[in-house]
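Inspection log for the structure reproduced underneath, given as structure tokens.
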Amino acid sequence: MLTKEILEKKKEQGTHKVYTIAGNTSAFEAISKLDELKIGSLIVINDKNEILGIVSERDILYKCYNSGIPLKERNIKDLMTSKEDLIIGKMDDDTQYLRNVMTQKRIRHIPIIDDSDQLVGIISSGDILKNELKVTEKEARLLREHIRNPFGIHLYE
């Protein structure tokens, strides 16, 4: 399946919105926003709405743990994955490819851009897993039906 197909499904479900946060926002505010929205990452932008990077709950947790600096005193721009290190997907990427990248890089969110380099969505490992699970369940159902009725004759319809 292609990335654009998952984004279309997310749009149908109303879960396609990309949430952003300013780079000078505190880690505490970012955690509050992640919790309120029940999401795992935010795109970090500047005052011109240009992408600076991405920050996830794991970034905040791992980079703030044992630092001794209160979350209200840490800026997101110091905790985020910067644009230079950001892994970005395209609309025509195969989801298997994205899953492999996520697994190898140990990340759970990949921003997706269109042909004009505009941010159009975020694909999470959960999005890919849900899609693969649906495909697997459909295949299993078809195989069970074939085992019950290998000749395709439906006598009991």
Give me the pairs: first residue in segment 73-89 and touching a residue at least 60 places away in the same chain (Cβ under 8 Å) and on the phi < 0 side of the Ramachandran plot, second residue surrounded by 15 or more Cβ atoms within 10 Å (Cβ to Cβ) and assigned to a helix (DSSP H, G or I), beta-carbon distance under 9 Å, and six or more apart or on different chains, which are they?
G89/T3; G89/L98
Test: residue in segment 56-63 that is out of contact with any helix residue (DSSP H, G or I) (no Cβ under 6 Å at 6 or more places or on another chain) and closer than 24 Å to K9 by Cα:
yes
How about segment 1-74: which helices (runs of 4 or more DSSP H) wholly inside it have at least 2 residues that are surrounded by 16 or more Cβ atoms within 10 Å (Cβ to Cβ) and β-branched (V, I, T)?
3-13
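Just a yes or no: is a residue in segment 39-46 touching a His at 6+ places or on another chain (Cβ under 7 Å) and within 30 Å of I69 (Cβ to Cβ)? Let's see the steps before the verdict.
Within segment 39-46, the subset touching a His at 6+ places or on another chain (Cβ under 7 Å) is 40-41.
From the residues that got through so far, the ones that are within 30 Å of I69 (Cβ to Cβ) too are 40-41.
Checked against the condition, which is being touching a His at 6+ places or on another chain (Cβ under 7 Å) and within 30 Å of I69 (Cβ to Cβ), segment 39-46 yields at least one hit.
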Return the total of residues in segment 95-106 being out of contact with any helix residue (DSSP H, G or I) (no Cβ under 8 Å at 6 or more places or on another chain) and either on the phi < 0 side of the Ramachandran plot or in contact (Cβ under 8 Å) with a residue 60 or more places away in the chain (or both).
7
Any residue at all in segment 129-149 that is part of a helix (DSSP H, G or I) and among the small types (G, A, S)?
yes
So, in segment 107-128, exactly how many residues are among the aliphatic types (A, V, I, L, M) and within 14 Å of E5 (Cα to Cα)?
6
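Give me a count of the residues in segment 56-90 that are β-branched (V, I, T) and closer than 18 Å to V101 by Cα. Break it down into steps so the answer makes sense when it comes.
The first filter runs over segment 56-90 and keeps only residues β-branched (V, I, T), leaving 60, 69, 76, 81, 87-88.
Cutting the leftovers down to closer than 18 Å to V101 by Cα gives us 81, 87-88.
Final tally of qualifying residues: 3.
Okay, residues lined up against (1) modelled with pLDDT of 95 or more; (2) farther than 29 Å from D93 by Cα; (3) touching a Lys or Arg at 6+ places or on another chain (Cβ under 9 Å):
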residue	(1), (2), (3)
K11	no, no, no
N24	no, yes, yes
E29	yes, yes, yes
Y62	no, yes, no
Anything in segment 25-61 that is of a type in the set (D, E, K, R) and under 15 Å from R108 (Cβ atoms)? List them, or say none.
K38, E57, R58, D59
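The values are calculated or read from the model by the stated rules, or taken from the named source; none is laboratory data. Because the structure is predicted, anything quoted here is derived from the model rather than measured. Note that each Cβ is placed from the backbone with ideal geometry, even for glycine, and that neighbours are counted across all protein chains shown.
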